[in-house]
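Everything below concerns the one structure shown next.
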Amino acid sequence: MSNPRNGDTTKPPCLPRNGLVKIPTQPNGLGSASITKGTPAVKNRLCQPPSVPAILSPALAHRSDLPIPSLASPLSLAALAGVSSPPGASLVGLNTSESSEQPSPERLPGSPAERQLAVDEKILNRLFWYFSACEKCVLAQVCKAWRRVLYQPKFWVGLTPVLHTKELYNVLPGGEKEFVSLQGFAIRGFDSFCLVGVSDLDICEFIDNYPLSKKGVKSMSLKRSTITDAGLEVMLEQMQGVVRLELSGCNDFTEAGLWSSLNARITALSVSDCINVADDAIAAISQLLPNLTELNLQAYHVTDTALAYFTAKQGYTTHTLRLNSCWEITNHGVVNMVHSLPNLSVLSLSGCSKVTDDGVELVAENLRKLRSLDLSWCPRITDMALEYIACDLHKLEELVLDRCVRITDTGLSYLSTMSSLRSLYLRWCCQVQDFGLKHLLSMGSLRLLSLAG
């Protein structure tokens, strides 16, 4: 959250949505598209200040009262492209032509020596590493020299532009729509994109207009989109470089679309809140993705049978499995999983409400390489499960037990013997009391303890 400055506690309103932040159009023309870290785990809900300076002089580097936006702060497509936008404009195309009005180095304040330092590329190449993604987008508008330095791909590694469908088109005077220019993204070498609310046609337009789409894009995320089986097949056929795929809230593709489109080059797949995903989808994943290393699945209709589909090759390569809110999975499914995927280092059974202590015992006895285990929202887990974990999972570094309402102080006494545990989440564990927390005092390796609720 932004810190109050000079007694002013007001801040622009922010509405969290899917880990990102969306704010109303500001007077400087910044819209709702955003750029964020490559992982959804980053949820720094910091709002961009209502105004940004048009020109930043070197003297501002010593100001400690300047706002510092986070990597998750919202940016418009105009800001991402590094071009100026007129006041009050909410949707601006990505025109990166050199004719965009920017001040020349001669117009910067200060002495000639200071102005020379302000455009020295050797200095700028080192200086710009200290700025966030939001600040870099603003700094790229200062002058052509700064933009030329900032547009190097090294400054944008690990960042994912988030593009909403309504911002992908410019409305021409005649009422026709024109797809925006993505040249600004290509210059900076973005290899990861998140498209929100797009259709099959929008995806085809993106492929045709982004110069790096064929080979250069490594990760694609589609959220709340109307992509169909045909669109999914075209996208993965045309974008030959995609190895990481996320489908979230996409309800128009079917399991047949997965069978026809999934390619063996994909190593990480995330499917969540897609109503047509069931056991046959897992069968397609297991047979078509032999090199899968990470699978994130939120599917309400997946059963125990699906977890037996994984092949011996995947059992060797797959190290991360997250099954979130898979309500139909029971201890029998856990048996299938531990036999099919014995090399897991990250496992989440969050929301798998039918899993009991016996299922956790199977995990602890068979998955000795686990470093992260998430059992949140598993109401049948008791202190006995924690005893199994403490006895067998000697490499475990992170344990999430949120909303495990049957865990008591006795269970914490078992965990206190774990010398490798660094992060422990006990949020809304209503039976944990002061006496139980005393057991944790002996855990010298513990670095993060969450007791929210």
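The values are calculated or read from the model by the stated rules, or taken from the named source; none is laboratory data. Computed from a prediction, not measured in an experiment: that's the story for all the values here. Note that each Cβ is placed from the backbone with ideal geometry, even for glycine, and that neighbours are counted across all protein chains shown. What goes into the accessible areas is simple: the full protein's heavy atoms, side chains included, and nothing from ligands, DNA or RNA. Shrake-Rupley method; radii C 1.70, N 1.55, O 1.52, S 1.80 Å.
In the full protein context, segment 278-452 carries 43 Å² of accessible surface per residue, based on a 1.4 Å probe and ignoring ligands, DNA and RNA.
Tell me, what are the semi-axes, in whole angstrom and largest first, of the equivalent ellipsoid of segment 156-263 as set by the roots of 5 times the Cα gyration tensor eigenvalues?
21, 18, 12
Would you work out which of LEU393, ILE329, LEU449 lies farthest towards the positive end of the dipole of segment 278-452? Charges go on Cβ: Lys and Arg +1, Asp and Glu -1. About the Cα centre, the residue reaching furthest to the positive side is LEU449. Please report the spacing between the Cα centers of segment 339-357 and segment 200-245 in Å, no decimals. Here the answer is 31 Å between Cα centres. Per residue, segment 112-153 exposes an accessible area of 52 Å² to a 1.4 Å probe, with every protein chain left in place. Using only side-chain charges placed at the Cβ, +1 for Lys and Arg and -1 for Asp and Glu, the dipole size of segment 192-308 relative to its Cα centre rounds to 520 debye. Pairs spanning more than 32 Å between alpha-carbon atoms, out of LYS166/LYS218; LYS136/LYS218; LYS177/LYS215; LYS214/LYS354; LYS214/LYS369; LYS154/LYS313: LYS214/LYS354; LYS214/LYS369; LYS154/LYS313. Here the accessible area of segment 109-192 is 56 percent carbon and sulfur, with a 1.4 angstrom probe and all protein chains present. Solvent-accessible area of segment 278-452 (1.4 angstrom probe, protein heavy atoms only): carbon and sulfur portion equals 51 percent.
Scoring 208-216, 365-373 by mean Cβ neighbours within 10 Å over their residues and listing the highest first yields 365-373, 208-216. Relative to the Cα centre, the charge distribution of segment 318-453, modelled as +1 at Lys and Arg Cβ and -1 at Asp and Glu Cβ, gives a dipole magnitude of about 380 debye. A 1.4 Å probe run over segment 156-263, with the rest of the protein chains in place, finds 40 Å² accessible per residue. Packing, taken as the mean count of other beta carbons within 10 Å per residue, orders the peptides 348-357, 434-443, 228-237 from highest to lowest as 348-357, 228-237, 434-443.
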